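Comments concern the structure below.
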Amino acid sequence: IVGDDGTVQLRLGREPVLLPPGVGELAAAQHEAAKCVRSPWLFPSAQDRICHIGVGQIRRRLQRLGISGKVRDAALIDLARELPAPVLRDAIGIHGNTAARWTFAAGGSWAGYVALHEPPRGRE
């Protein structure tokens, strides 16, 4: 969790992601709770504070709240529609091939993305 200037950012990959205010407040509160048990993890393991909880345990907790993998997939599809694969990769810390597959599944190829940032030929 990175918090400067009143915003809350979550770092999962290389770059932190700005969280919306309500979600940011919840993440900051969870981060403070983790500090109370002297753990460096946002979601520490109950048995061993030095480790984080596993993916399976997070999945079960989310399912109890009514959040399934389908919700995650829908969120990734929405992101992939809006972002080119390299930006998606860096933003959420996934492999480049995975980001490209999500972008393709979202219906976008972003094939012209690099061309948008190159100066026209013959001009400097």
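The values are calculated or read from the model by the stated rules, or taken from the named source; none is laboratory data. Note that the structure is a prediction, hence the values are computed from the model and not measured. In this analysis, Cβ positions are derived from the backbone assuming ideal geometry, glycine residues included, and neighbour counts consider all displayed protein chains. Just the protein is used for accessible areas: all its heavy atoms, side chains included, with ligands, DNA and RNA removed. Shrake-Rupley method; radii C 1.70, N 1.55, O 1.52, S 1.80 Å.
Within the stretch 3-17, can you find the residues that are in contact with a strand residue (DSSP E or B) (Cβ under 8 Å, 6 or more places away or on another chain) and closer than 23 Å to residue 95 by Cβ?
Selection gives 9, 10, 11, 16, 17.
Being modelled with pLDDT under 85, open to solvent by 80 Å² or more (accessible area, probe 1.4 Å) and assigned to a helix (DSSP H, G or I) is the filter here; which residues of the stretch 85-124 pass it?
114, 116 - these are the residues of the stretch 85-124 that are modelled with pLDDT under 85, open to solvent by 80 Å² or more (accessible area, probe 1.4 Å) and assigned to a helix (DSSP H, G or I).
Can you say whether residue 77 is out of contact with any Ser or Thr (no Cβ under 7 Å at 6 or more places or on another chain) and free of Cβ contacts under 8 Å to residues at least 24 places away in the same chain, as far as the supplied structure shows?
Criteria not met by residue 77.
Go through the stretch 57-82 and give me each residue that's of a type outside the set (D, E, K, R) and closer than 24 Å to residue 46 by Cβ.
57, 58, 62, 63, 65, 66, 67, 68, 69
Suppose we filter the stretch 16-38 for residues that are open to solvent by 50 Å² or more (accessible area, probe 1.4 Å) and in contact with a helix residue (DSSP H, G or I) (Cβ under 7 Å, 6 or more places away or on another chain); how many remain?
Looking only at that region, the number is 1.
Take residue 45 and tell me if it is touching a Gly at 6+ places or on another chain (Cβ under 9 Å), over 21 Å from residue 17 (Cα atoms) and modelled with pLDDT under 85.
Yes.
If we keep just the residues of the stretch 49-82 that are polar (S, T, N, Q) and open to solvent by less than 70 Å² (accessible area, probe 1.4 Å), which is farthest from residue 101 (Cα to Cα)?
My answer is 57.
Of the conditions (1) in contact with a helix residue (DSSP H, G or I) (Cβ under 9 Å, 6 or more places away or on another chain); (2) of a type in the set (Gly, Ala, Ser); (3) modelled with pLDDT of 75 or more, residue 13 satisfies every one except a single condition; which number is it?
Going through (1) in contact with a helix residue (DSSP H, G or I) (Cβ under 9 Å, 6 or more places away or on another chain); (2) of a type in the set (Gly, Ala, Ser); (3) modelled with pLDDT of 75 or more one by one, residue 13 breaks only (3).
Can you find a residue that is part of a helix (DSSP H, G or I), within 27 Å of residue 3 (Cβ to Cβ) and free of Cβ contacts under 8 Å to residues at least 12 places away in the same chain anywhere in the stretch 38-54?
Looking through the stretch 38-54, none of the residues is part of a helix (DSSP H, G or I), within 27 Å of residue 3 (Cβ to Cβ) and free of Cβ contacts under 8 Å to residues at least 12 places away in the same chain.
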